[in-house]
Amino acid sequence: MARVVAPSRTRFLAAVTFLSLWGSAFAVTRYSIPEEMEEGSFVANLATDLRLDVRSMVERRAKLDAIHSKNYLDINKETGELIIREKIDRESICMTKTTSCFLKMEVILENPIRIFNIELEIMDINDNAPVFRRKTMHLDISEATPPGERFSLTNAVDADVGANSIKTYSLSESKYFSIDIQTGSDGSKYVDLVLKGKLDREEQSVHHLILTAEDGGVPPRSGTASIIINVLDINDNAPQFSQPVFEVNVPENSAAGTVVMTLNATDLDEGANSQLVYSYTLYTSEKTQELFSLDPNSGEIKVKGVIDFEESRSFEMHIQAQDRGASPLSGLCKVLVSVTDLNDNYPEVTIKSLKGALSEDVAVGTLIAVVSVSDRDSGLNGEVMLTLNQQEVLPFHLNQSSEGYFELLVSEPLDREAISKYDITLLVRDKGAPPLYENETITLDILDINDNAPAFSKSFYTIHVEENNVPGALLTSLSAFDPDLNENQYLVYFIMEKEIVNTSMSMLFSINPENGDLYALKTFDYERERDFLFHIEARDSGVPTLSSNVTVQIIIVDQNDNTPLIVSPWRAQGSVVEQVIPRSTDKGHLVTKVIAIDADSEQNARVTYQLLQITDSSLFSLDQYNGEIRTTRMFSYRDPRHQRLVIVAKDNGDPALSATVTIKISTVENSMSFSETTELPLAYDMFTDLNLYLVIGLGAVSFLLLITILVIIVLKCQKPKPKALKMPPPNRNSVISRNSMISQRSSTIADSTLISSDAYWYSLFLAETRKGKVVVRQPIIPKGAGYFVSSIPRSIGPSETTGSRASTLEYSK
């Protein structure tokens, strides 16, 4: 048998000892390997050792069976090698402390069946350290134990065997203990603890030692255990005080139970040998024992009676401390108690005269109270000082009038609205050590005067009120604040009278005199009244009365409450407007212009136009902004002679209001004009025709001269007509009123909408030019309207007529 042993656990086995026995059917092949080899490690080549062909091991289904153990090895059938399948722990296989440890296995081949017996010896490595069964060992040894005494200790164990088992023990350094190692019959090592010096518990009551067990492996492993030795006490020490004489001061009048001092004697022993009992000796007087108590267990000295400095200024106590040992030992000390004088009388403060209330307008220097102070002590303990608590924030000060008497005076103007009541604390203090304090609090009420006028939160109020409001509706609440009290704080509200157009403000608005609620007394119309500006006064009920006022602006907000009014083309109520145009009218020809006015303002007055009904939508167009109706194409023979258009004028309010007009358009074959329309040829037309006739021939001169004379006669008989001018392009959204016409004498209306706030009569002018001639369409003007319509602004001179349109509204002289 050949064996190769690894020097340590970490080194791999380089060779395996092979032992082969032949010659009998029961031959056994043995191998030796160290424990803890890694998985897959090579053990032996079975094919070579058993003289088998590697291929035959596969063909004959070679397998490895472990006998009475887990299968830790396996056969590589391709190479015939025996390899480690799982790490082998020798200590888990061989529980007993034997030097030999074997695994028995069989290699089985089929066809024909053949069995080979294999024994694998597991060799120990030093993979286990020594372990103590008890990690901590406690020993109690009396300090009277003589040196040389032996004490048994718990041994360590090592799972390894042979040289890897426990070899020796060692003890940490100690001047009192050592160890003695002994070997048993089975080779086990035992250790005893030996006392080599005398113990003194008062010097060291506990000893801590470390016991180390070491095996013989390479490298060696070790294990440790802690040894704790408690030294048991004997009564070999007497109690001792820190000093033989104690001096302590006790103030007079100390309350019963006051701790004077606590004695603390020490005894180096322990247990009952160190438990002390304190007591007075025969040298302590009975009077002292009556005034002071001594706690026998804690040594605490307390005051038991009344200590008076004037009766006795010092006391002397003799005290002993004795232990509770079998043979008691004792110690003595002396306590000297000195009594100190104390400032034991509090100063006193007395109010001799007091005013409980002052008006806030009292003068500076007014007397509030007379105060006296005193102290029954003497010396510095009897000298007193009087001060005001929080003097820096109070409008008062103290003035000493005589010995022990002080006057409390007003030092600053008072304001009840800032502070209505003062709690004045008089603080008296003596000059003792420590000083004693006493205080007295007096209450001073400040009476109100009417020194604050009412104040509104704002100086100007803007209130928006929608027109058509309900009479009596609450507009807002205008509340003022007066910091005074009672009748000085009670406010009454008034509207300061102001007339607008001979109407008093009190006819339009009302205010609740008690709470300042402002109400509207009438329904407002934005088209008549736009805003109001007035003042409201708040007046208190004090003497004298104080007041303040605030400016209020009422802004009337417009509502869409006026329906657009169609003023052009003018027609009687519910009638249809008839319009005649020639069928030869060109595309884009202005047929008529619808103009509506709305008495509202802004968006509520902005009017747009829409075609509600139309006979032929391809023939006419309507401008939604200026209301112009124009032809979109020329008439054809298929178009009927009469066209009916229903125009709706709608404002931009919410909800929108509207008005409609029905226009009946008739077409004729010539350019004749109907319906209150008169065509007047102008002078330049006459001259143009004359030139034409001159060109025709001299033969028609007489005829043309006659015609000219007739025309001149007709012009002389008729009212002069305004000459055609070049009109400015139309504008939008022009607003005129009667007052503006009076001041400006004339204004240009360039929009289809006219607005007036007083529902006056309006007039409309529409001028059209057709083929160099002016056609004037003049609606009937009501009597007394005060307006007339002119087609030519005064600032514009005669010019060539164009397709522009303008309307001018003038005030008659």
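If we only count strands (runs of 3 or more DSSP E) wholly inside the stretch 404-517, which ones have 3 or more residues that are at negative phi and surrounded by 14 or more Cβ atoms within 10 Å (Cβ to Cβ)?
Per the criteria, 405-410, 421-430, 437-447, 460-466, 491-496, 509-511.
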**Asked** Quick one: in the stretch 603-641, which of the residues that are among the charged types (D, E, K, R) and in a strand (DSSP E or B) is least open to solvent (accessible area, probe 1.4 Å)?
**Response** GLU628
**Request:** Provide a single number: the residues in the stretch 54-100 that are open to solvent by 50 Å² or more (accessible area, probe 1.4 Å), among the charged types (D, E, K, R) and either touching a Cys at 6+ places or on another chain (Cβ under 9 Å) or closer than 15 Å to ILE33 by Cβ (or both).
**Result:** 6
**Asked** What number of residues within the stretch 330-350 are open to solvent by 40 Å² or more (accessible area, probe 1.4 Å) and either farther than 24 Å from LEU294 by Cα or of a type in the set (Ser, Thr, Tyr) (or both)?
**Response** 8
**Message:** Can you say whether PHE534 is open to solvent by less than 30 Å² (accessible area, probe 1.4 Å), without any contact (Cβ under 8 Å) to a residue 60 or more places away in the chain and touching a Lys or Arg at 6+ places or on another chain (Cβ under 8 Å), as far as the supplied structure shows?
**Reply:** yes
**Asked** Quick one: how many residues across the stretch 361-395 are free of Cβ contacts under 8 Å to residues at least 40 places away in the same chain, in a loop (DSSP other than H, G, I, E, B) and over 54 Å from the mean Cα position of the chain (by Cα)?
**Response** 2
**Message:** Consider the stretch 162-215. How many of its residues are under 27 Å from THR96 (Cβ atoms), open to solvent by 50 Å² or more (accessible area, probe 1.4 Å) and part of a loop (DSSP other than H, G, I, E, B)?
**Reply:** 2
**Item:** Residue ID - modelled with the lowest pLDDT, chosen from residues in the stretch 306-321 that are loosely packed, with under 14 Cβ neighbours inside 10 Å and under 15 Å from THR258 (Cβ atoms)
**Value:** ASP308
**Request:** Give the residues of the stretch 138-152 that are in a loop (DSSP other than H, G, I, E, B) and either without any contact (Cβ under 8 Å) to a residue 60 or more places away in the chain or open to solvent by less than 20 Å² (accessible area, probe 1.4 Å) (or both), sorted by residue number.
**Result:** GLU143, THR145, PRO146, PRO147, GLY148, GLU149
**Request:** Could you tell me whether any residue of the stretch 559-566 is under 21 Å from ILE495 (Cα atoms) and buried (at least 20 other Cβ atoms within 10 Å of the Cβ)?
**Result:** no
**Asked** Mind checking whether some residue in the stretch 332-347 is aliphatic (A, V, I, L, M), touching a residue at least 40 places away in the same chain (Cβ under 8 Å) and closer than 30 Å to ASP200 by Cα?
**Response** yes
**Request:** Please enumerate the residues belonging to the stretch 40-60 that are within 21 Å of SER92 (Cα to Cα) and modelled with pLDDT of 85 or more.
**Result:** SER41, VAL43
**Message:** Condition first: assigned to a loop (DSSP other than H, G, I, E, B), more than 30 Å from GLY382 (Cα to Cα) and not charged (D, E, K, R). Can you find one or more residues in the stretch 302-324 that meet it?
**Reply:** no
**Count of residues meeting criterion [buried (at least 19 other Cβ atoms within 10 Å of the Cβ) and β-branched (Val, Ile, Thr)] in the stretch 216-235** = 3
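The values are calculated or read from the model by the stated rules, or taken from the named source; none is laboratory data. Just so we're clear, the structure is a prediction, and the values are computed from it rather than from any experiment. Don't worry about glycine lacking a Cβ; one is built from the backbone with ideal geometry, like all the others, and counts go over all protein chains shown. Accessible surface is based on the protein model in full, side chains and every heavy atom, while ligands, DNA and RNA are left aside. Shrake-Rupley method; radii C 1.70, N 1.55, O 1.52, S 1.80 Å.
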